[in-house]
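The structure under discussion appears below in the form of structure tokens.
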Amino acid sequence: MFYKKNILLGVTGGIAAYKIPNLASMLKKQGLNVRVMMTPHAAEFITPATFEALTGNRCLIDTFERTQPPEIHHIAWAKEADCVLIAPASADIIGKIANGIADDIITSTLLACQCPIYISPAMNTRMFENPIVQDNLDKLRHYGYHIITPNAGHLACGDTGSGKMPEPDELYAYLEQEMACEKDFKGLKVLVTAGATQEALDPVRYLTNHSSGKMGYALAKAAALRGAEVTLISGQTNLAAPLGVRFTSVVSAQEMFEEVKKSYQQQDVIIKAAAVADYTPVTVSGEKIKKADDELSIDLKRTDDILKYLGEHRKNGQILCGFSMETEHMLENARTKLKKKHLDLIAANNVKMEGAGFGHDTNVLTLITEMQETKLPLMDKVEAAHCVLDAALHLYRKKN
Ligand code: CTP
């Protein structure tokens, strides 16, 4: 459920308009009050009835449309909106907004808006690169508008280049970032590590574990949505980096350690959700290891314990949170790690438990501090991430 509820979409005349009903529907499903306004040219591509059916709200094209009860729509809608997105935004509407023209429902409403406004330009590359359009976009940036960079690709006119409106899920991510959460982590720097490390044996093989990275990515995304400046250092996963997160991809435990060492001192909260290899091959063969008839043994050596290092070198006021993945004696083992690694918080789970294993979208965590033990029920990893962040923020405020 989103923290802010009222979103206003402005649709202008461009072929990408046909993708906006999908976005409106995604937002409506999150419980948002979605209002849509269109230019008459947008109605050449998509009908207002589509938006009305999807949002349950009237879709406006005419500024002077009379409704019962009577309403000055462009003022009422501007006052109500928590956020506005103009997508697709034509060169024409961009030019009008940048120059204070208010001659239709969208431009009139925007002049009266005081909430964040996102503009998603969509047009042919030549039009997009035209210095007049670029100057207008710069002017909008100067006035605090958020300009969503168009994607490059195959355009409707047959050309290839930049000017393509991002897909609805990408636009959704911008609105989610703006509206989903209260910004209670604003001003805080959060470092998250996620995913499995890989320890090379030879040029074709490696040792790793089953971690999908989902829990760590959920933590990084949730912290970003809550306003934190997030750095995500990730092992190899199949997941896309969340929007607005500083992302570094690493392979081995050693690489993760090096990356963490570069940035840990600037962090306020560090959450180590990565499943780091405890052992790595003593030697990495330069050539592929060929099979033989007898057995093969591989000598392994210990890797550095990154979290333990952080516990020993932390700066004052910093909150350190680890994860403890167990198959037996969960609480006892987790408490030992909390002490041994000098942590403020450890999130323990038993991977043998239903819904808490690798790759699931759910988890069952117990949050352990020196003083407290909180058993959380089975929940979505996104929800679980927010619970870990709540606990970390509580500890941070107590310490600082
Ligand atoms: N961790 C780490 N560096 C390592 C190993 C673990 O930073 N070389 C961190 C993990 O990211 C996690 C916590 O330590 O936050 C606990 O990891 P876990 O694998 O559960 O425990 P270990 O300390 O490795 O101990 P064991 O494998 O014996 O359970």
Requested in this report: Within the range 14-40, count every residue that is closer than 22 Å to Asp103 by Cα and either buried (at least 17 other Cβ atoms within 10 Å of the Cβ) or in contact with a strand residue (DSSP E or B) (Cβ under 6 Å, 6 or more places away or on another chain) (or both).
Outcome: 7
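For (1) in contact (Cβ under 8 Å) with a residue 12 or more places away in the chain; (2) farther than 16 Å from Met38 by Cα; (3) of a type outside the set (A, V, I, L, M, F, W, C); (4) open to solvent by 20 Å² or more (accessible area, probe 1.4 Å), each residue gets a yes or a no:
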site: Ala89; (1), (2), (3), (4): yes, no, no, no
site: Ala112; (1), (2), (3), (4): yes, yes, no, yes
site: Asn130; (1), (2), (3), (4): yes, yes, yes, yes
site: His146; (1), (2), (3), (4): yes, yes, yes, yes
site: Pro150; (1), (2), (3), (4): yes, yes, yes, no
Query - Segments classed as strands (runs of 3 or more DSSP E), wholly inside the range 228-278, with at least 1 members that are within 15 Å of the ligand (Cβ to nearest atom) and crowded, with 19+ Cβ neighbours inside 10 Å - result: 229-234, 269-272
Query raised in the report: For Ser324, which of the numbered conditions (1) buried (at least 21 other Cβ atoms within 10 Å of the Cβ); (2) among the hydroxyl-bearing types (Ser, Thr, Tyr); (3) more than 9 Å from the ligand (Cβ to nearest atom) fails to hold?
Result: (3)
Report task. Looking for whichever is touching a Lys or Arg at 6+ places or on another chain (Cβ under 7 Å) and of a type outside the set (Ser, Thr, Tyr) here; the options are Lys341, Lys398, Lys290, Lys352. Which one fits? Result -> Lys341
Query - Where a residue in the range 200-212 is closer than 25 Å to Asn363 by Cα and its partner, wherever it lies, is outside any loop (DSSP other than H, G, I, E, B) and open to solvent by 90 Å² or more (accessible area, probe 1.4 Å), with Cβ under 8 Å and at least six apart - result: Leu207/Tyr279
Query - Residues of the range 1-27 satisfying the condition of being within 15 Å of Glu52 (Cα to Cα) and polar (S, T, N, Q) - result: Asn22, Ser25
Report task. Could you give me the residue pairs with C-beta distances under 6 Å whose first residue belongs to the range 153-169 and is at pLDDT 95 or above, whose second residue is open to solvent by 80 Å² or more (accessible area, probe 1.4 Å) and of a type in the set (S, T, N, Q) wherever it lies, and which are 6+ apart or on separate chains? Result -> Pro168/Asn22
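Results for (1) within 16 Å of the ligand (Cβ to nearest atom); (2) among the hydrophobic types (A, V, I, L, M, F, W, C); (3) surrounded by fewer than 18 Cβ atoms within 10 Å (Cβ to Cβ), shown as yes or no for each residue.
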position	(1), (2), (3)
Gly163	no, no, no
Glu167	no, no, yes
Leu171	no, yes, no
Glu176	no, no, no
Phe185	no, yes, no
Thr193	yes, no, no
Gln198	yes, no, no
Query raised in the report: Out of curiosity, is Thr55 among the polar types (S, T, N, Q), more than 30 Å from Asp184 (Cβ to Cβ), out of contact with any Leu (no Cβ under 7 Å at 6 or more places or on another chain) and modelled with pLDDT of 95 or more?
Result: no
Report summary line: Selection over the range 279-321 where residues are open to solvent by less than 40 Å² (accessible area, probe 1.4 Å) and within 16 Å of the ligand (Cβ to nearest atom) yields a count of 11
Query - Single residue of Leu389, Leu395 found to be of a type outside the set (Phe, Trp, Tyr) and either touching a strand residue (DSSP E or B) at 6+ places or on another chain (Cβ under 7 Å) or over 28 Å from Gly317 (Cα atoms) (or both) - result: Leu395
Report summary line: By my count, helices (runs of 4 or more DSSP H) wholly in the range 75-152 with at least 3 residues that are at pLDDT 95 or above and under 21 Å from Ile20 (Cα atoms) are 91-98, 105-112
Report task. Give me a count of the residues in the range 328-365 that are assigned to a strand (DSSP E or B) and within 13 Å of the ligand (Cβ to nearest atom). Result -> 6
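The values are calculated or read from the model by the stated rules, or taken from the named source; none is laboratory data. Source: prediction; values computed, not measured. Every residue, glycine among them, receives a Cβ derived from its backbone with ideal geometry; neighbour counts consider all protein chains shown. Surface areas here come from the heavy atoms of the whole protein model, side chains and all, with no ligands, DNA or RNA. Shrake-Rupley method; radii C 1.70, N 1.55, O 1.52, S 1.80 Å.
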